[in-house]
Amino acid sequence: MISYKHQLSRFFVRMGLAIFTCVALGPVIWAVVTSLLPLTALTSRPPDLNPLNMTLENYGLVLDSSRGLFSGLINSFIIATFTSAVGLVIGSMAAYALARLNMPGSSLILMMILATQMFPGIVIAIPLFLVMSRMGIVDTHFALILVYLSFTLPIVIWILKAFFESVPMELERAAAVDGAQPLQTFQHIVLPISLPPLFATGVFVFIEAWNEFFFAIILTRINVKTAPIAIAEFSGQYQTLYGQMLASAVLASIPVVFLAIIFRRFILEGFVEGAIKA
Amino acid sequence: MQQNSEYNRRRIRMGIWFSAPAVIVLLTVLAYPILASWVLSFLRVYFAGQGLSFRFYGLTNYTELLTNQLFREALLRSIYFTLVEVIVVTFLALIVALLLNHPLGRHAFFRVVLLVPWALAPVANAVLWKWIYNANYGILNQALIGLGIIDRNIIWLGSPVLALNMILLADIWKAVPFIALLLLAGLQNIPSHLYKAARLDGANAWQQFQHVTLPGLKTTLIISIVLQSIWALKVFDLIYVLTKGSPADSTVLLNYLSWRVTFSNLDVGYGAAIANVLFVLMFILSLVYIRALRPRKTKEKVG
């Protein structure tokens, strides 16, 4: 027995979902369509959306090495990969120490970690820029990886700590009774069952590092321009090449959007475990 | 117990070793620069050839801020931007989260839809909106003209108040999904038996929302609001790509101003002072929220 009122509410939910889908995807789809159209189709009114006109020409043009996007994508890949790998290794160790190893001063460290979410990047960017220029490491991958660790490490530690705390203590006690050393317990008991949250945080860090713009614009010059920098420069220099502008934006977004979709379960669970329960 | 102590000592020692790398990284790339930027804000920094020279400047950087028109405007605009963004994003994200938590909205498809704007690079997002807002060929003008709402093209990023609000709109679009994700996770943490009990007591949908959903979501809502206001205060990429602060500096917000003063005007001390104002602002915000979070006794996890 489905009441009239019940059906009405279902109707509104359906409509809401439809509107939500259109608003969320509309701009993205428009970006993809734009990137596939030649300039003449975009500048005619109304835009000529004939699918027969669609071409990959824009993509070919923006990937030309003189445009800097290709090397930008490679730089972003190197930086994001190293940031998430290093972040996971040292972050998971610290998280485990905070969660389980009766660390002295662990609550202080936790407060520090929380505090890192509360300050603007510009505060650390200015002194870091001065120090790094003096050391001559501005415009290196290393500088950006180090800086990206500063704001991703706290998240890694925070999320993984919440997860490690949820690992049943009995499991670790049992291992200890069997004569396992703490390091062995961590390696063979805790880490293997932590793969999903490790993956989730890894993907999260990768996306953050890949997308980062603010530090990249301060700490890069020529050699390690990342993909976001390349896109921003492109949109400033060739403002009227709309199709190419959007093609470069789409290219830089494809890896992270697909990562997010493929690992959505990990990411969503990571949020549940981390952000909310912490 | 006695035999445990050797094991425990080993655990503590391992704990120190385990957290050392992370602590060292955080100290060098966080703690040191934060302190240094305070010091810098009391200095005047000169670029002398290759090197730098510093002179003690007292509070001059800060007093200059107080009398600087652009700084005051940027501060007010940042506050406006943050307030509107937090209110609108939280409201919209709550609706989205409720929709996706409804049996009809649980399909994985909608989760994917939600993740797409979130994962998009902020710069790609900015480029996308730059194209949508394009005065001559942008889809926004074409759509509004097609619908008969406006009769000629509007230069969306051409006039002060409008430009700021268009940046706000693009930022809101990007921010809603993440907050919706958080709220969705919060919704799923509310035990379903609470709803069952409420229904048995004859509560209608609105009453259930008021007395079960909202209280159950309180912590998550506060977390969302904190994070959202911090992000809104930090907005940079959109301004950089869409307007570079124009027209007539009307879209210069604090973070952008601090960057421009430091890295374009090379007035490092002054830039650091602005950065620290932003820092204090965020810090106060977070304290307010943490306080708001406290009174309810949810101290389940201690130690």
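Every number in this text was worked out from the coordinates using simple rules, so none of it is lab data. Keep in mind that what you see is a predicted model, and the values were worked out from it rather than measured. Ideal geometry is used to build each Cβ from the backbone, glycine not excepted, and the neighbour counts take in all protein chains shown.
Would you work out if the range B:210-268 is rounded, prolate or oblate? Take a ≥ b ≥ c from the square roots of the eigenvalues of the alpha-carbon gyration tensor; rounded if a/c is under 1.5, else prolate when a/b is larger than b/c, oblate otherwise. Write out the running numbers ahead of the final one.
On the way: a/c = 4.96, a/b = 2.89, b/c = 1.72.
Taking the square roots of the gyration eigenvalues as a ≥ b ≥ c, the range B:210-268 is prolate.
Inverting the mean 1/r over all pairs of different Cα atoms, compute the Kirkwood radius of the range B:2-56 and quote it in Å. Intermediate values should be presented prior to the final figure.
On the way: mean 1/r = 0.0680 Å⁻¹.
Its Kirkwood hydrodynamic radius stands at 14.7 Å.
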(message) I want to check a number: in the protein assembly as shown, how many lysine pairs have alpha carbons closer than 21 Å, given a sequence separation of 8 or more or different chains?
(response) 19
(message) Checking the a/c ratio against 1.5 first, then a/b against b/c, what shape does the Cα gyration tensor give for the range A:67-276?
(response) prolate
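Sort A:59, B:7, B:256 by Cβ crowding within 10 Å, fewest neighbours at the top.
Details: A:59 17, B:7 13, B:256 24.
Final ranking by Cβ density, sparse to dense: B:7, A:59, B:256.
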(request) Evaluate the distance, in nm, between pseudo-label points positioned 7 Å from the Cα of residue B:136 and of residue A:8 along their respective Cα→Cβ axes. (result) 5.1 nm
(message) Looking at chain B as a GNM with Cα springs under 10 Å, which of B:119, B:31, B:22 has the largest mean-square fluctuation?
(response) B:22
(request) Give me the orientation-averaged projected area of the Cα convex hull of chain B, in nm², one decimal. (result) 25.2 nm²
(message) Spelling out what I want: for every residue of the range A:88-99, take phi, set θ = phi - 60°, compute 6.51 cos²θ - 1.76 cosθ + 1.60 (Karplus), and round to whole Hz; glycine and proline get x.
(response) 5, 5, 6, x, 5, 5, 5, 4, 5, 4, 6, 7
(request) Select from A:158, A:175, A:215 the residue farthest towards the positive end of the dipole of the range A:67-276; place +1 on Cβ of Lys and Arg, -1 on Cβ of Asp and Glu, and compute about the Cα centre. (result) A:215
(request) Could you work out which residue, out of B:29, B:45, B:268, moves most in a Gaussian network model of chain B, that is, has the largest mean-square fluctuation with Cα springs under 10 Å? (result) B:29
(request) Can you give me the span-like helices of chain B, meaning DSSP H runs with 20 Å or more of Cα extent along the axis and Kyte-Doolittle mean at or above 0.5? (result) B:69-101, B:160-188, B:214-233, B:268-293
(message) To test your reading of the geometry: what angle, between 0 and 90 degrees and rounded to tens, separates the Cα axis of helix A:4-35 from the longest principal axis of chain A?
(response) 70 degrees
(request) Mind giving me the nanometre distance, one decimal, between the label points for residue A:74 and residue B:145, set 7 Å out from Cα along Cα→Cβ? (result) 4.4 nm
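Can you check what the Kirkwood hydrodynamic radius comes to for the range A:44-95, Cα pairs only, in Å to one decimal? Display every interim value, and only then the final one.
Details: mean 1/r = 0.0684 Å⁻¹.
Result for the range A:44-95 stands at 14.6 Å.
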(message) Counting other beta carbons within 10 Å of each residue's own, what order do B:244, A:161, A:5 fall into, fewest first?
(response) A:5, B:244, A:161
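Would you mind classifying the protein assembly as shown by shape? Square roots of the alpha carbon gyration tensor eigenvalues, ordered a ≥ b ≥ c; an a/c under 1.5 is rounded, otherwise it is prolate if a/b is larger than b/c and oblate if not.
On the way: a/c = 1.56, a/b = 1.12, b/c = 1.39.
Taking the square roots of the gyration eigenvalues as a ≥ b ≥ c, the protein assembly as shown is oblate.
Helix-only estimate, please: 222 nm mean residue ellipticity of chain B, summing -39500 (n - 2.57) across DSSP H runs of length 4 or more and dividing by its residues, to the nearest 500.
When only DSSP H runs of four or more count, the value is -22500 deg cm²/dmol.
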(request) Taking the Cα centre of the protein assembly as shown as origin, work out the dipole magnitude from +1 charges on Lys and Arg Cβ and -1 charges on Asp and Glu Cβ, in debye rounded to 20. (result) 1220 debye
(request) Report the residue, chosen from A:85, A:176, A:249, that carries the largest GNM mean-square fluctuation when chain A is represented by alpha-carbon nodes joined by springs under 10 Å. (result) A:176
